[in-house]
Each structure stands twice: as C-alpha cells, then as structure tokens.
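Chemist: I am attaching a structure below and will ask some questions about it afterwards.
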Amino acid sequence: RDLVAFWRALSSDPDTEMDEPDDAPTKGRAGEYLKLIKGERTAVAVANEAQDLIELAMLAEEFDFELVIRGAYEGWTVAPQLARANVSVIVTPRSRVRPDDELNRPTGSSIENAAILRRHGVRLAIVPQQTVITLWGLGGQDLQHLPLEAAFAVRGGLPQRDAIRAITIDAAKILGVDHRVGSLEVGKDADMIVTDGDLLHYLTHVTHSFVNGRLVYEKSEDSLFNHIRPAGDADAPPPDDHWPRRLGAEY
C-alpha cells in the first residue's frame, strides 16, 4: 500500500517530496508476491480436494491474481467457485480417486470433471498421467496418451471442440504462449500436424508434422507405419508384406 501511494503521488507530481518506501518489500520472495498482485506473474498450485480448491479460489478472488490449479479431481464439486475466481485448471480426466464414504458431501474424482468445469466457464488444459517419453516398447508411443486423455474427457461429456482446445489453444493461453502456438493463425510458429482421421480417435495416425513451417515427419516415409492405411482408408486390408511383419519369421 505504501508503494502504491508513492507511485500515485509520483505520477501526479513528479517533484513530490514524498520519500520512497523501503524497497525491502520489493526484494526476494516478497518481490515475487508483489509482481503476482500487480499481474506480472501467475501463481501455480497443486490441489485436489474441495476445501483446498475453495480456499485457493477465495485467495485469488480477494487479491485478484492469476491462478492455475493442477489436479483438481474434486473440481466438479466446486466448479462455480473456481469460475467466479477466474481460476484456470489443468486436469487429467483418467485420474481415479474413490469417494470418501465418511464425508457427507460429494467427494472423489468424476469422469465428468472436465465437462462440469468447462460448463461453468473454467479454462481447461488436459495433460496425461505420464508426460515423458520412455524408451521401452515402441519409441514415442507415450505421446499417444495426450489425445486419449482428451478423448476420456469427451467420454465424460466435454464437447469434442472444447477437448481439442484443452490440448491446443486453451493450454497455450494457460502457459502464456498463445501468441506463438496453439492455433493456426498468421504470424504464429506454424507447428502443426495433419491426421488421417478424428484427432482424438485411438486409431488415428499423424500423416505429416510441421515445426516452424518445416516438414519434419511424413508417415509414408516411416517404415514402421507406412503400411497402415496408406491412402487413409479405414477399411483398407493389411498388406501382404511389410518390414515389421518380416521380423516375425526371424523370431
């Protein structure tokens, strides 16, 4: 409050004789809090249970700062409070937590969590339970978790358009990088994919990938995948011969 009073006095009278307050509140951890309250930073919290979510929402609403909550598996029970505080939420639709029968209120996770939050106007991003690429099995297979996670949100009632936004433009907005990525617009980075079917269907393949407008992947050139529906025909019969199948004879 002292700093705000000084800045206001200085803006109205550059020659003010009012002394600038001790700058200790603008240093270190307190300085970060000051930037948060001034809208220059975004707070990120991990919370799941209803009471924790309500307390965080009340804090963000009282001090008017940007807040992102990760987890929020009980968000469906307090969606109006989160929406009123303009909180953004990062959810994992496949999270499963059993309800607590000892509590006399709705508890636990719900497959409808994302749908209910979005219905109340909460901005969503969807992430899978595992966000790393492992080296066992088929390399990069882990990346398929993201569209499948979004598909589970659709299974819970989230409109498909909103589910796709939750892994593209709305996720970019939460990260503060929507000026560069997240949608197809002039001036953005031109990171994009082309698929041979429904973006969230588990059988869909990426046919082309572009990074900064440059083609970096083409399915027809990939020996592991080019034999699968080569023309994009979902009913195409399997080929008689292809490289992975030949391995069967050697094993």
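Chemist: Quick check on packing: order 164-174, 192-202 by the mean number of other C-beta atoms within 10 Å, highest mean leading.
Modeler: 164-174, 192-202
Chemist: If we sort 121-130, 209-218, 91-100 on the protection proxy, mean other Cβ atoms within 10 Å, highest first, what's the order?
Modeler: Peptide ranking by packing, descending: 121-130, 91-100, 209-218.
Chemist: Another question, then. Under 20 Å Cα to Cα from K188, which lysines show up? Leave out anything in the same chain fewer than 8 places away.
Modeler: Result set, ordered by chain and number: K173.
Chemist: Quickly work out the K38-to-D101 label distance, labels modelled 7 Å from Cα along the C-beta direction, and quote it in nm with one decimal.
Modeler: Between D101 and K38, the label points sit 5.4 nm apart.
Chemist: May I ask you to evaluate 6.51 cos²θ - 1.76 cosθ + 1.60, the Karplus curve with θ = phi - 60°, for each residue of region 99-109 and list the ³J(HN,Hα) values in order in whole Hz, giving x for glycine and proline?
Modeler: Working through the residues one at a time gives x, 8, 5, 7, 9, 8, 6, x, 9, x, 8 Hz.
Chemist: Skip the ligands, DNA and RNA, and give the accessible area per residue of the chain with a 1.4 Å probe, whole Å².
Modeler: 66 Å²
Chemist: Between G28, G157, G71, find the one with the highest GNM mean-square fluctuation for the chain; connect C-alpha pairs within less than 10 Å.
Modeler: Between G28, G157, G71, it is G28 that shows the largest mean-square fluctuation.
Chemist: Return an integer: the convex hull volume of the alpha-carbon atoms of the chain, in Å³ per residue.
Modeler: 206 Å³
Chemist: Would you mind computing, in nm to one decimal, how far apart the modelled labels at Q51 and H208 are, each placed 7 Å from Cα along Cα→Cβ?
Modeler: 5.6 nm
Chemist: For the chain, what is the calculated [θ] at 222 nm in deg cm²/dmol (nearest 500), taking -39500 (n - 2.57) for each run of four or more DSSP H residues and dividing by its residue count?
Modeler: Counting only the DSSP helices, I get -9000 deg cm²/dmol.
Chemist: I want to check the label-to-label distance for A30 and W7. Put each point 7 Å from Cα in the C-beta direction and report it in nm to one decimal.
Modeler: Each label point is offset 7 Å from its Cα along the Cβ direction, giving 1.6 nm.
Chemist: Report the gain in length on full extension from D233 to I169: 0.36 nm times residue separation, minus Cα-Cα distance, nm rounded to one decimal.
Modeler: Full-extension gain reported as 20.1 nm.
Chemist: Of all the accessible heavy-atom surface of the chain, with the other protein chains kept in place and a 1.4 Å probe, what percent is carbon and sulfur?
Modeler: Looking at the chain in its full context, I get 52 percent from C and S.
Chemist: So, one more: Going by amide H atoms built from the backbone, whose H comes under 5 Å of the H on T204, apart from near neighbours?
Modeler: none
Chemist: Taking amide hydrogens as modeled 1.01 Å from N in the peptide plane, which residues meet the under 5 Å criterion relative to R123, leaving out close sequence neighbours?
Modeler: So R123 has HN proximity to V89.
Chemist: Can I ask one more? How big is the antiparallel share of DSSP beta bridges in the chain, given as a percent to the nearest 5?
Modeler: Counting DSSP beta bridges with both partners in the chain, the antiparallel share is about 40 percent.
Chemist: Search the structure for amide H atoms under 5 Å from the amide H of E66, placed 1.01 Å from N in the peptide plane, and list their residues when 5 or more places away or on another chain.
Modeler: Counting only residues 5 or more places away or on other chains, the set is A43.
Chemist: Sticking with this one: Setting aside same-chain residues fewer than 8 positions from K35, which aspartates and glutamates have a Cα under 19 Å from its Cα?
Modeler: In chain and number order, the partners are D2, E20, D22, D23, E61, E62, D64, E66.
The values are calculated or read from the model by the stated rules, or taken from the named source; none is laboratory data. Quantities reported herein were computed from a predicted structural model and do not represent experimental measurements. Counting neighbours? That spans all protein chains shown, and the Cβs are built from the backbone with ideal geometry, glycine included. Please note that ligands, DNA and RNA were not included when accessible areas were found on the heavy atoms of the full protein model with its side chains. Shrake-Rupley method; radii C 1.70, N 1.55, O 1.52, S 1.80 Å.
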